[in-house]
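Input: a single structure, listed below in structure tokens.
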Amino acid sequence: MKEITKTHLKNAFSGESMANIRYKIYSEKAKKQDFPSISLLFEAIAYAEHVHARNHLRRLPEETDSAIAHAPFGVGDTIQNLEKGIEGEEFEINEMYPSYKEVADFQSEKKAAISFKWALEAEGIHKAFFEKAKEKIESGEGYKLEKINICSTCGYTTKGKAPDQCPICGADKKQFRKFET
Ligand SMILES: [Fe+2]
Ligand SMILES: [Fe+2]
């Protein structure tokens with residue numbers, strides 16, 4: 001595997017692993033603050049980040065190294081945690097994954113390019129979920145989420161029922177993991 005793409009996969013694995021834990025912690029915080037739907041949202045999206053981390057890890061050769069990942073640190077209240085979520089997703093959407101994917105394409109690293117592409121597409125959806133939740137809480141309307149489905153192949157995230165086929169990776173309905181209150 002080409003060196004630069006390999007470094008990018010390690011950084012992306014590290015970033016997604018941290019996002020997974022961060023969202024689980026934000027989920028616990030939301031639960032404590034009596035926001036059950038936001039707690040569910042963070043829990044489900046944490047699983048999508050797990051899927052991304054796993055996809056990146058599986059494409060890496062077996063070796064030991066260090067990785068650098070960009071991440072918002074600290075834990076705030078639920079609104080602040082949604083803002084941190086938006087910030088993290090924006091970095092991935094605007095900088096990280098488009099650049100990593102370009103380099104992987106340039107280096108003909110097809111499997112890495114797919115892993116970056118799948119993550120990029122799901123992160124756009126995550127950002128929209130967090131923005132909507134923040135808006136609903138801030139307006140006083142309240143945020144309700146009963147069911148959310150995550151594609152266990154690519155991390156695609158959708159409210160309500162799972163589609164027959166994943167629009168990102170084509171996985172069957174059976175490959176979706178359901179999260180509900
Ligand atoms: Fe995400
Ligand atoms: Fe998928």
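Nothing in this text is a laboratory measurement; each read-out follows from the coordinates by a stated rule. This structure is a prediction, so every number in the text was calculated from the model and none was measured. Here Cβ is always computed from backbone atoms with ideal geometry, including for glycine, and neighbour counts include all displayed protein chains.
When the chain is treated as a Gaussian network with alpha carbon springs shorter than 10 Å, the biggest mean-square fluctuation among HIS70, HIS50, HIS126 belongs to HIS70. Largest mean-square fluctuation among LEU41, LEU120, LEU57, in a Gaussian network model of the chain whose springs join Cα atoms under 10 Å apart, belongs to LEU57. Across the range 3-144, Cα pairs under 8 Å and at least six residues apart give a relative contact order of 28 percent. 3J(HN,Hα) along the range 107-122, derived from phi through the Karplus expression 6.51 cos²θ - 1.76 cosθ + 1.60 where θ = phi - 60°, amounts to 8, 6, 8, 5, 5, 5, 4, 5, 4, 5, 5, 4, 5, 3, 5, 5 Hz, with x in place of Gly and Pro. Once the trypsin sites (Lys or Arg not before Pro) in DSSP loops with at most 13 neighbouring Cβ atoms within 10 Å are cut out of the chain, the longest remaining piece is 1-143. Determine the shape class of the chain: with a ≥ b ≥ c the square roots of the Cα gyration tensor eigenvalues, call it rounded for a/c under 1.5, and otherwise prolate if a/b is greater than b/c, oblate otherwise. Because a/c hits 1.5 or more and a/b exceeds b/c, the chain counts as prolate. Amide H to amide H, with H built 1.01 Å from N, LEU145 comes under 5 Å of SER37, counting only residues 5 or more places away or on other chains. When GluC sites (Glu not before Pro) are flagged only if DSSP places them in a loop and at most 16 other Cβ atoms lie within 10 Å, the longest unflagged stretch of the chain comes out as 64-140. Were the residues from GLU83 through ARG58 laid out at 0.36 nm apart, the gain over their Cα-Cα distance would be 6.0 nm. Among ILE86, ILE168, ILE68, the residue with the largest mean-square fluctuation in a Gaussian network model of the chain, with springs joining Cα atoms closer than 10 Å, is ILE68. Each of THR158, THR5 has some number of other Cβ atoms within 10 Å of its Cβ, and from fewest to most they run THR158, THR5.
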